[in-house]
Amino acid sequence: MKKATHNGTCQACGRAQAAMYGGNEMSNHGYTVTWGYFNGVCSGAGKPPLEVSREWCDGVIKWLHEEAAKAEAQAVGPIGRVWITEMTMAERRSVYDRQKPKQRWYTQPEFETAKASTLMYCNWHWKDKVDMERFRLNRQAKAAREHADMLAKRADERFGQPLMERRA
Ligand SMILES: [Zn+2]
């Protein structure tokens, strides 16, 4: 493959990445932020860079605010289930395993059963997990809004600007 000569700004993650095919398409790149919305391949890969188009970016911003609003509403409502990552510490440290986390929802009875059979949960009470779930939802909403704000700022700065030359 011909080496990209320019970098563009990704419409989804906002980072500078190689722009392929004459600068019209962002190269394939990963997204490793673990707060829940982006994992694995970045949704901006294969899209035009922000310098060329902000259409995808504006959609991502809108979606992030919608997701944040949903999470904020859930955080103040009744919590009937909690989202738990079933992972050992070794798995947590591995980038490979983090990209396919073993996560699932637990209702209180499921939680009590898991707690009785798994050492991992033995220090927590259901009430604590509910508090943590509210905290997680608020943190997720905050991260989504922060990312949306960063993207909006980046779009205002970069849309219509020339691509950046890559250093060899
Ligand atoms: Zn990206």
Among (1) at pLDDT 90 or above; (2) assigned to a loop (DSSP other than H, G, I, E, B); (3) under 15 Å from the mean Cα position of the chain (by Cα) - the single one VAL33 does not satisfy: (1)
Quick one: which helices (runs of 4 or more DSSP H) lie wholly within the range 49-154 and hold at least 3 residues that are modelled with pLDDT of 95 or more? 55-76
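The values are calculated or read from the model by the stated rules, or taken from the named source; none is laboratory data. Just so you know, these numbers come straight off a predicted model, no measurement behind them.
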